[in-house]
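Below is one structure, written out as structure tokens; comments come after it.
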Amino acid sequence: MSSLNALRGMTLHFNDDPGTSDEPREGSVEFHQDGLILIQEGRILQSGPAQVLLENLPEGTPIEHWPDQLIMPGFIDPHLHYSQLDIIASYGRQLLDWLNTYTFPEECRFVDRAYADEIANAFLEQLLANGVTTALAFCTSHPASVDALFSAAFERNMRMLGGKVMMDRNAPAALCDTPETGIRDSRQLIEQWHNRGRLEYAITPRFAPTSTPQQLAATGELLSDYPGMVMQTHLSENRQEVEWVKSLFSEARDYLDVYSRYQLVRPRAIFAHGIYIDDDVRQRLADDGGAIAFCPSSNLFLGSGLFDWRQAREQEVRVGIASDIGAGTSFSPFQTLQDAYKVGQLSGQPLTPWQAFYAHTLGNARVLDIDHHIGSLTAGMEADITVINPRATPMLTRKDRHDPTLMEKLFNLMILGDERCISATYVMGKKLYDAASH
Ligand code: GUN
Ligand code: ZN
């Protein structure tokens, strides 16, 4: 008989997009005050009300009980840079100066495999301590930086997506590849890592200014050999950057068109930021199936600007929400959601807690097209789960004493919560983070 175990507590997940009004769409939210999740061999066998499931539970099944704690699918972060762990909180620059002053020098250090290993392990521990079980990560241009991340994720059996940065101009020579070596190294890494365990390779041209037209053309050809593969890059984050792209690619209609010309705009293409875009760009993104990763803490930290989520939604662009570490300032999805809420307030579009928690779970899984594996607590899903304590801090405890509704509880968490709220994180049913032992 295969091993069974169970988690019991307030279970919460989404079956669908809850919409943008204060009342979630009918059937989109599934919540059980006393819920149970039955796990078999790392997958969810069943979830629902504890009273019902306990009746048929085989005798002796171990149950871990988290009374009054929320049990949710592990959070998903669809855009960050693992190599930028140690440059979080770097003072006083906007995007292009920040890249030259802090980012590129730090990324040069990844020529040393031991350094990359140390950062990769610390990075994954940070994710897990924040309830994040899956991420789509930029590595550096060094192929061994991918080996470091994927080895560390493979050891933990985490569902992780990432790729070697391709960049062949406008950066230090030590970080530049060439159209040929960029493609050759990416192909080798794909052979070595793609679909090994729960890992997925992602083709990663950094952004238009650091790739020659030749490199972008070669990237498009590489993608045509792997049509289902994720592609990640950056788009229209900063005004100076947009002007620079205009001057580098004067023949292109706009920034997105640079990518379109090389067949990079497609389903499973993830464009970080997308702040300075118009209706026409949004329409083309929606038509071609590309998605935007909205990175509010990064956009505020670098002074980049305010992303217009409502307009993107109206035009049916797929939008995920991400930390963008290390321009982003926190690994905590609660903090990212807090910043998303504030960005929304500045543009008259407050983010509902339903939309927020949907976005960081099932929504991001859909954006990455991995919702058949993770993102909810339904039967068959991989048991990547996080346990959240709504009374983790004195202030949260005060707020939680007033018998909040579920919506208020979630809002308290997204405004006042941080990594202290994560009690435990499970990967394929195995507890990899336990606050009690930290
Ligand atoms: N655009 C190109 N590279 C980067 C990066 O590393 N971080 C951010 N925020 N934007 C970028
Ligand atoms: Zn980024």
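The values are calculated or read from the model by the stated rules, or taken from the named source; none is laboratory data. The shown structure was predicted, so the numbers you read here are calculated from the model rather than taken from an experiment. Cβ sites come from the backbone with ideal geometry, for glycine too, and all protein chains shown count toward neighbours.
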Open item on the list: Checking the condition within 15 Å of ligand 2 (Cβ to nearest atom), aromatic (F, W, Y) and farther than 18 Å from R206 by Cβ, which residue from F123, F138 passes?
Closed with: F123
Task: Complete set of residues in the stretch 306-342 that are more than 16 Å from ligand 2 (Cβ to nearest atom), in contact (Cβ under 8 Å) with a residue 24 or more places away in the chain and over 16 Å from F411 (Cβ atoms) - done: L306, D308, W309, R310, Q311, A312, R313, Q315, E316, V317, R318
Open item on the list: Can you tell me which condition P67 does not meet? The list is (1) surrounded by fewer than 21 Cβ atoms within 10 Å (Cβ to Cβ); (2) touching a residue at least 12 places away in the same chain (Cβ under 8 Å); (3) in a loop (DSSP other than H, G, I, E, B), and all the others hold.
Closed with: (3)
- [ ] Would you kindly identify the helices (runs of 4 or more DSSP H) lying entirely within the stretch 298-393 that contain at least 2 residues that are within 16 Å of ligand 1 (Cβ to nearest atom) and within 18 Å of the chain's Cα centre (by Cα)?
- [x] 333-346
Task: Residue count, the stretch 324-380 (criterion: surrounded by 24 or more Cβ atoms within 10 Å (Cβ to Cβ) and hydroxyl-bearing (S, T, Y)) - done: 4
Task: Condition met for S90 (touching a residue at least 12 places away in the same chain (Cβ under 8 Å), within 13 Å of ligand 2 (Cβ to nearest atom) and among the small types (G, A, S)) - done: no
- [ ] Please work out which one of (1) more than 15 Å from ligand 2 (Cβ to nearest atom); (2) surrounded by 15 or more Cβ atoms within 10 Å (Cβ to Cβ); (3) on the phi > 0 side of the Ramachandran plot is the condition G289 fails and give its number.
- [x] (2)
Open item on the list: With closer than 24 Å to A137 by Cβ and either in contact (Cβ under 8 Å) with a residue 12 or more places away in the chain or part of a helix (DSSP H, G or I) (or both) as the only criterion, which of L38, L85, L53 stands out?
Closed with: L85
- [ ] Taking the residues in the stretch 246-275 that are assigned to a helix (DSSP H, G or I) and surrounded by 22 or more Cβ atoms within 10 Å (Cβ to Cβ) as candidates, determine which candidate is nearest to ligand 1 (Cβ to nearest atom).
- [x] Y255
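Kindly indicate whether D112 is among the charged types (D, E, K, R) and crowded, with 17+ Cβ neighbours inside 10 Å.
So D112 does not fit the description; no.
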Task: Which numbered condition Q263 misses (of (1) touching a Pro at 6+ places or on another chain (Cβ under 7 Å); (2) within 21 Å of A218 (Cα to Cα)) - done: (1)
- [ ] Could you run through the stretch 107-158 and say how many residues are within 16 Å of ligand 1 (Cβ to nearest atom), among the acidic types (D, E) and either touching a Gly at 6+ places or on another chain (Cβ under 7 Å) or free of Cβ contacts under 8 Å to residues at least 40 places away in the same chain (or both)?
- [x] 0
TODO: Inspect all residues belonging to the stretch 397-411 and state whether any of them is of a type in the set (S, T, N, Q) and surrounded by 15 or more Cβ atoms within 10 Å (Cβ to Cβ).
DONE: no
TODO: Please specify each residue of the stretch 233-244 satisfying the condition of being within 22 Å of H81 (Cα to Cα), part of a helix (DSSP H, G or I) and among the hydrophobic types (A, V, I, L, M, F, W, C).
DONE: V242
- [ ] Kindly check whether there is at least one residue in the stretch 50-73 that is at pLDDT 95 or above, among the acidic types (D, E) and in contact with a His (Cβ under 9 Å, 6 or more places away or on another chain).
- [x] no
Open item on the list: Yes or no: the stretch 62-83 includes at least one residue that is farther than 15 Å from M160 by Cβ and within 13 Å of ligand 2 (Cβ to nearest atom).
Closed with: no
